[in-house]
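Please treat every number below as a calculation from the coordinates, not as lab data. Predicted model, so just to flag it, every value in this text is computed and none were measured. Every residue, glycine as well, gets a Cβ built from its backbone with ideal geometry; the counts of neighbours run over all protein chains shown.
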Amino acid sequence: MAETIDLKLHVWRQKGPSDPGKFEDYSQYAKGISTHASFLEFLDVVNERLVLANQEPIVFDHDCREGICGMCGIVINGEPHGPQKATTTCQLHMRTFRNGEELWVEPWRAAAFPVIRDLSVDRSAFDRIIQAGGYITARAGAAPDANAIPIPKRLADEAMDAATCIGCGACVAACPNASASLFMAAKIGHLNTLPQGQAERDKRTLAMVAQHEREGFGACSNHYLCEAACPKEISVQWIARMNRDLLKAAMTYKPEPQRAGGDG
Amino acid sequence: MELRSNAPTGPIETRWERHKADIKLVNPANKRKYEIIVVGTGLAGGAGAASLADLGYKVKAFCYQDSARRAHSIAAQGGINAAKNYQGDGDSIYRLFYDTVKGGDFRARESNVYRLAQVSVDIIDQCVALGVPFAREYGGLLANRSFGGAQVSRTFYARGQTGQQLLLGAYSHLSRTIAEGKVELRTRCEMIDLIVEDNRARGIVTRDLVTGKIEAHLADAVVLATGGYGNVFYLSTNAKGCNATAIWRAHRRGAFFANPCFTQIHPTCIPQAGVYQSKLTLMSESLRNDGRVWVPRKKEDCTRDPASIPERDRYYYLEEKYPAFGNLMPRDIASRQAKFVCDQGLGVGPEINGVRRGVYLDFADAIKRDGKQAIADRYGNLFDMYQRITGEDPYRVPMRIYPATHYTMGGLWVDYNLMSNIPGLFVAGEANFSDHGANRLGASALMQGLADGFFILPYVIGNYLAQAGKSKTTESSAAVTTTLREAQTRFRKLIEIGQKGSRTVDDFHRKLGTLIWDHCGMARNPSGLKSALGQIPELREEFYRDVKITGSGEELNRELEKAGRVADFFELGELMCRDALERDESCGCHFREDHQADGECVRDDEHFAHVAAWEWCGQGPEARDGNHKQHREALSFEYVKMAQRSYK
């Protein structure tokens, strides 16, 4: 059961956002790796060896290690989250690789995702896109009964397909334009599909798209590499739907008049 | 010190209503003058911060992850309970209350549990309003399923990702309040101490995980919603970053820690594959509906190809021991029986530290009976996940499973107002001890997190602030400067030791985890617990002598972060063992081998129908034994009659 492999490991090391960064060869620390280990466990093993050799361990982001929190994300041999389809880095296992295989490990690369250190990047731009409109305004305590509005199963299932996005950023890392269109379209699609999301539909779409541009993400030019890299297999059709909603909103949206003071 | 629950008396159905009517309110114009700190952005913290902000309070929220959307509530799979009775199958608030009290093996507070069941119905309304895409029936109404052995279908779900969808709902709500300028969120920022002045919580000390900067934040009230402490075992189903530092540091500043030995084990997790293993992955318990659990009868068969082991040499231990329930025995019993057969040397899978820890969960009969397609329809995604992790095809080879820690019922002691014994310090969600007693039912963790966050904190914090008024603590107050200095010294000391040490933080954490798992895990006995109580302080001393940490404190330093958390796990682990030793009975997940009837818990209601709340005494003269002194809150059961569980 205890098959092990040796790897030729090159890891991107970068002290901070302004450091130019470079690849380091860690092959001597990447020997005897169990094929049952996950990719992050492989990096754990390398890190423990680095620490014992008085070297700084490789910084990478991770948390749940079961493919749902979206915190991990590494480009492995040019592919975000590595070679296995529909799989986050934490769920990728070393049996995917051959003994002696060469691995080039890098962070997400996008101007809107500055490198914090090594393989860890700052994805707060995603949070700001959500803050721009990725919500339905509903205070606790004000909601009607949950069954008051029947939602056809087909719509609920479609909304769920989009809502399954984990916000990891692989779509941005895969895109030659570093566009976050798939991430943004998934949230817009989730909320705009549901009856509860209609009240803020146009405003949401316009505001999120505007924020996406402010953050410095590129535009979508239909390469579909995002869909191929997405660990949750979110379809690019959501981008088409978003563009339709955007066009409609741009033509028809009228902001609510801002009144100073009350009516009384 | 007398522990008062401050729960209302009188008819249980109206306690929360009457309490809300009695609560003091803060004038809307004054709310913006009050600042509230919320630590943790999971279901309890995220929903709490957003709801408090909507009321008008100034909220400062903190999380250690890079975004509020990553909190580990996200990983819950199964669903969320609510007493909606949408299925018309006889569910009610009373029945959910009853099931929760009984499921907790009579070690929870009735008033809290009743309130939880009451507000459960509002949670579903709120989540649907926020756009959570729960599963629906063809007519468009909400779908439900039965979960964890409940006799009614009261569980709402969103595929196998209910936690994710609820958390993203709470996160979107929080995001709106951030955009409106009502909440200031600090990400990649960890709470490392609590500031207490004049016996009131006045703020927290944090370490910025990117710059290493240690700073104080002041507030009029502090909410800890920082989750459970399952990572004390090193291997658990928790996220890698989950830790107990926030609640443990609050405990060291005076907050009582209640029932630390109440930790829950989940029976169907993927077993450990090697020493490098970093976490364990849970698979839905629904697998036990069709899978048959077995191990070889003979030790020499444990390494054999399972398909070649004849039927007569297979030991279907659950079916044989419990013919009435078989493979569907409750979590705790199924877990202990798996441990028991592995301890006997009948386990399967890789040998780690001399033992094979795994049992087969075999679908061969189900596939023969219903066809491969039917099984794929039911469990396809779980089978895929299993194959991705283990590289084995469960359609052909039996799955291997083993229990793992996944939830902690114990936590900081709180009264009915979710306030700890330090006024102004509130604790919500898994971080408190309040609602699940000695055992939590499936699909109830999400319910409690959102109940606390959306529907309880907003009321009880207002009540406190209306009476306590504004904090007068300032940055130059002695409590602030002292706490800040102590936190800085603690981290500096770790760096100093770390430069000379020779063993990694993970190495120590793994050893601590193994010790606690072996002696204070699924089954406990006095001699094991005493041995752990002897070994933990020795290991801790070694840690403070020999831990190796690279880098400095004034930068991003993951080894230092881990060291700070493991240092606290050492003390918490010791208290768990002490609590497990002093609770001289079995109840729920606390199984004492010396108090059992054929593998089932034997409670001692006469002596242990109480909450054990531990006070930190440091090494001071007050300590009767070690670092802690025990206080008790007696539990009385007026509505649910105490009874022994039986599955024979």
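Numbers below:
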read-out: Length released on extending from B:Lys298 to B:Asp370, taking residue separation times 0.36 nm less the Cα-Cα span; value: 22.9 nm
read-out: Percent antiparallel among DSSP beta bridges (both partners in chain B, rounded to 5); value: 70 percent
read-out: Cα-based Rg of the protein assembly as shown normalised by 2.2 N^0.38 Å, two decimals; value: 0.90
read-out: Overall dimensions of the stretch A:112-264 by Cα: Rg and Dmax, Å; value: 16.8, 59
read-out: B:Arg4-B:His607 FRET efficiency (beta carbon distance; Förster radius 25 Å; 0.05 resolution); value: 0.75
read-out: Efficiency of FRET from Cβ geometry, A:Thr137 and A:Ala250, R₀ 25 Å, rounded to 0.05; value: 0.70
read-out: Ratio of Rg to Rh over chain B (Cα coordinates, Kirkwood Rh, two decimals); value: 0.95
read-out: Rough spin-label spacing in nm, given labels placed 7 Å along Cα→Cβ, for B:Lys24 and B:Gln387; value: 6.3 nm
read-out: Cα pair distances exceeding 29 angstrom across chain A, given as percent; value: 40 percent
read-out: Antiparallel DSSP beta bridges within the protein assembly as shown, percent to nearest 5; value: 70 percent
read-out: Degrees, to the nearest 10: A:39-52 long Cα axis against longest axis of chain A; value: 50 degrees
read-out: Calculated P(r) tail over 20 Å for the stretch B:335-438, as whole % of Cα pairs; value: 60 percent
read-out: Angle between chain A longest axis and helix A:201-214 axis [Cα atoms, degrees, rounded to 10]; value: 40 degrees
read-out: Estimated inter-spin distance, B:Ser308 and A:Gln237, nm [label 7 Å along Cα→Cβ]; value: 4.9 nm
read-out: Two-site label geometry, B:Phe340 and A:Ser27: point separation in nm, points 7 Å out along Cα→Cβ; value: 5.4 nm
read-out: Reciprocal of mean inverse Cα separation for the stretch B:479-633 (Kirkwood radius, Å); value: 17.4 Å
read-out: With 5 Å bins from 0: P(r) over the stretch B:428-472, alpha-carbon pairs, percent; value: 5, 18, 24, 18, 14, 10, 6, 4, 1
read-out: Kirkwood-based shape ratio for the stretch B:540-592, expressed as Rg/Rh from alpha carbons; value: 1.20
read-out: From the C-alpha gyration tensor of the stretch B:365-405, square roots of 5λ in Å; value: 19, 11, 10
read-out: Shape call, the stretch B:268-404: gyration tensor on alpha carbons, a/c limit 1.5; value: rounded
read-out: Pairs from A:Lys203/A:Lys248; B:Lys511/B:Lys548; B:Lys31/B:Lys213; B:Lys298/B:Lys339 whose Cα-Cα separation, in the structure shown, is over 22 Å; value: B:Lys31/B:Lys213
read-out: Whole-Å distance, taken between Cα centres, linking the stretch A:225-243 and the stretch B:399-452; value: 38 Å
read-out: Of all DSSP beta bridges in the stretch B:479-633, antiparallel share, percent nearest 5; value: 75 percent
read-out: Rotationally averaged projected area of the stretch B:158-301 (alpha carbon convex hull; nm²); value: 13.7 nm²
read-out: Exposure proxy order (Cβ contacts within 10 Å, fewest to most) of B:Trp614, A:Trp238; value: B:Trp614, A:Trp238
read-out: Using distinct alpha-carbon pairs, which all enter the 1/r mean, Kirkwood radius of the stretch B:119-185 in Å; value: 13.3 Å
read-out: Separation between Cα centres of the stretch B:220-277 and the stretch A:135-167, rounded to whole Å; value: 31 Å
read-out: MRE, 222 nm, helices only [DSSP H, n ≥ 4, -39500 (n - 2.57), over chain B, to nearest 500]; value: -11500 deg cm²/dmol
read-out: Per-pair calculated FRET efficiency, R0 = 25 Å: B:Glu542 and B:Arg485 via Cβ, rounded to 0.05; value: 0.40
read-out: Under the Debye formula (equal points on every Cα, no solvent term), log10 I(q)/I(0) of the stretch B:267-336 at q = 0.23 Å⁻¹; value: -1.15
read-out: Chain lengthening between B:Lys213 and B:Glu475 when straightened (0.36 nm per residue, less Cα-Cα); value: 92.7 nm
read-out: Sum of -39500 (n - 2.57) over DSSP H runs of 4+, divided by residues of chain A (222 nm, nearest 500); value: -10000 deg cm²/dmol
read-out: For the stretch A:171-191 versus the stretch B:307-357, the gap between their alpha-carbon centres in whole angstrom; value: 47 Å
read-out: Reference-scaled alpha-carbon Rg (2.2 N^0.38 Å with N residues) for the stretch A:4-117; value: 1.01
read-out: Given charges at Cβ of Lys, Arg, Asp, Glu: the protein assembly as shown dipole, positive-most of B:Ala75, B:Phe256, B:Gly618; value: B:Ala75
